[in-house]
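As structure tokens, the structure follows; a few thoughts come after it.
The values are calculated or read from the model by the stated rules, or taken from the named source; none is laboratory data. Remember, predicted model here, so these are calculated numbers, not experimental data. Cβ placement follows ideal geometry from the backbone for every residue including glycine, while neighbour counts extend to all protein chains displayed. Only protein heavy atoms, including side chains, enter the accessible area calculation; ligands, DNA and RNA are left aside. Shrake-Rupley method; radii C 1.70, N 1.55, O 1.52, S 1.80 Å.
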Amino acid sequence: MSRLTTIGFTIFTVFGRSIANESNDIYLRSPGEAVVITIAEVVVDLAPATIHMRGSLSAWNNNWIGGKTELSVETDISIESASAGINLTSTIVTETLECEQKDGFPSAEITVQLDWPDELLSLISALRNADPTGLVGLSEAVPSNAILEGNYQLANVPVNLDGDIDISVRTFSSGLLKRVLMMSGSDVTIGIKGRDISLMQAGILVPISATITLMDPDLFEIPIEKACGIGSKPCDANDRSTGVSIYAPLGLACKAFCDGLRKLINEPILYQELDLAAQVPSSVACGDNKCFAVGDTSGLCEEVVPQNCTGSWSECNVNCNQSFLVLKPAKFNGEECIANEGTTRACTDGNCVAEPLIVPGDTNTTNLNLGNSSYSLLDTGLLQILIVTTSLLTHFFW
């Protein structure tokens, strides 16, 4: 009945732009933006488990100016021989400023969904029904099958005093998630060394490790005090006594549950320590572990000094125009140029040559400027005829 079979990674750009093969200069022309990359699904065979990995990462590409980076890794583990599995999603969040993580970061959010064999679900149902009078509240404390296979989230997991995330989900959680892990003899430990997170100028390196325990007979525990007698561990004979080595009525139910459990399993169906990044071909070394490499991790993080554009207008040419030349473009959020490269404008100085007026007696072709109109006269003879004709007409009418 196992329905869980996958783990993997995806990195994407919030602004729809891939960061591959781009230089830091391109990243740093703006205050920064979130970028995303996709990593092909990875399948790992770790008998008796099969692991599939996928996920997503949104990374801020200017860690001096600062922003938010979020890595989400989904890990699906299936144990076909036991018809069981776990879906684990670890989301790591950090915020940066001036090449450092802000106080209180990284933080984590963990989502867990478990898949159990029918035989175990039947044993748990029988145990839940062993307290019909509600003597200790087993019917309420023992999760139903639907609850056992539900999806649960543990949010806002903080860093410890060393700046690391190192938690047992079973210990740290509460409510239904804690009850499910107790009743299934399971636990997940997530480890992230804050000091191993490396901030680069336009990317980040993040390590994640996980230890996963599924169905350990010695870890099964009913989430209510004295559920079996003195204690609440069905497979601990001392917990099933009344103090005088005589089983309490509910102790007998716990013993029956443990006997059935021992027939099903004698040891954990899975105990696996995983360096998650090491499963991905694109990971890089960071300390003693492997890290997810996100963004451009080639440049060290350093202060970004805005660079204003510098440029100038060319000398005025004979056509009375000049062009704008960009000497250095604006970078790192500096001031833009007053004009784009190649922009032209009219001018009157420099080499500008004004169009000449007609000079009387000139035997060459002459341009006559009259307002916005230009007239070409072939020779001075035509001009003289025009002048004489104008004089006669004036004399006649006056």
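Please specify each residue of region 316-339 satisfying the condition of being open to solvent by less than 50 Å² (accessible area, probe 1.4 Å), under 24 Å from residue 305 (Cβ atoms) and not small (Gly, Ala, Ser).
326, 331, 332, 337
Anything in region 160-192 that is surrounded by 20 or more Cβ atoms within 10 Å (Cβ to Cβ) and within 24 Å of the chain's Cα centre (by Cα)? List them, or say none.
If the condition is that a residue be surrounded by 20 or more Cβ atoms within 10 Å (Cβ to Cβ) and within 24 Å of the chain's Cα centre (by Cα), then 165, 167, 169, 188, 190, 192 are the ones that fit.
Just a yes or no: is a residue in region 284-293 in a loop (DSSP other than H, G, I, E, B) and either modelled with pLDDT of 90 or more or over 30 Å from residue 56 (Cβ atoms) (or both)?
No: zero hits.
Under 8 Å by Cβ, and 6 or more places apart or on different chains, what pairs join a residue from region 112-134 that is charged (D, E, K, R) with one that is in a helix (DSSP H, G or I)?
119/260; 119/264; 128/138; 128/139; 131/138; 131/139; 131/250; 131/253
Within region 193-218, restricting attention to residues that are within 29 Å of residue 264 (Cα to Cα) and in contact with a strand residue (DSSP E or B) (Cβ under 7 Å, 6 or more places away or on another chain), which residue is surrounded by the most Cβ atoms within 10 Å (Cβ to Cβ)?
214
Looking at 75, 96, can you tell me which residue is polar (S, T, N, Q) and either open to solvent by 30 Å² or more (accessible area, probe 1.4 Å) or under 29 Å from residue 174 (Cα atoms) (or both)?
75
Tell me, which strands (runs of 3 or more DSSP E) lie completely within region 1-85 with 2 or more residues that are under 25 Å from residue 211 (Cβ atoms) and at pLDDT 80 or above?
Qualifying strands (runs of 3 or more DSSP E): 42-46, 49-60, 68-79.
Answer yes or no as to whether residue 228 is closer than 20 Å to residue 141 by Cβ, modelled with pLDDT of 90 or more, touching a Cys at 6+ places or on another chain (Cβ under 8 Å) and buried (at least 22 other Cβ atoms within 10 Å of the Cβ).
No; evaluated as a whole, the condition is false for this residue.
Is it fair to say residue 83 is without any contact (Cβ under 8 Å) to a residue 60 or more places away in the chain and of a type in the set (S, T, N, Q)?
So residue 83 fails the test.
Filter region 127-146 for residues that are assigned to a helix (DSSP H, G or I) and surrounded by 14 or more Cβ atoms within 10 Å (Cβ to Cβ); which is nearest to the chain's Cα centre (by Cα)?
Once the filter is applied, the top-ranked residue is 145.
On the given criteria, is residue 273 open to solvent by 80 Å² or more (accessible area, probe 1.4 Å) and either under 30 Å from residue 57 (Cβ atoms) or touching a Leu at 6+ places or on another chain (Cβ under 7 Å) (or both)?
yes
Looking at (1) closer than 30 Å to residue 221 by Cβ; (2) crowded, with 16+ Cβ neighbours inside 10 Å; (3) in contact (Cβ under 8 Å) with a residue 60 or more places away in the chain, find the lone condition where residue 295 falls short.
Only one criterion is unmet by residue 295, namely (1).
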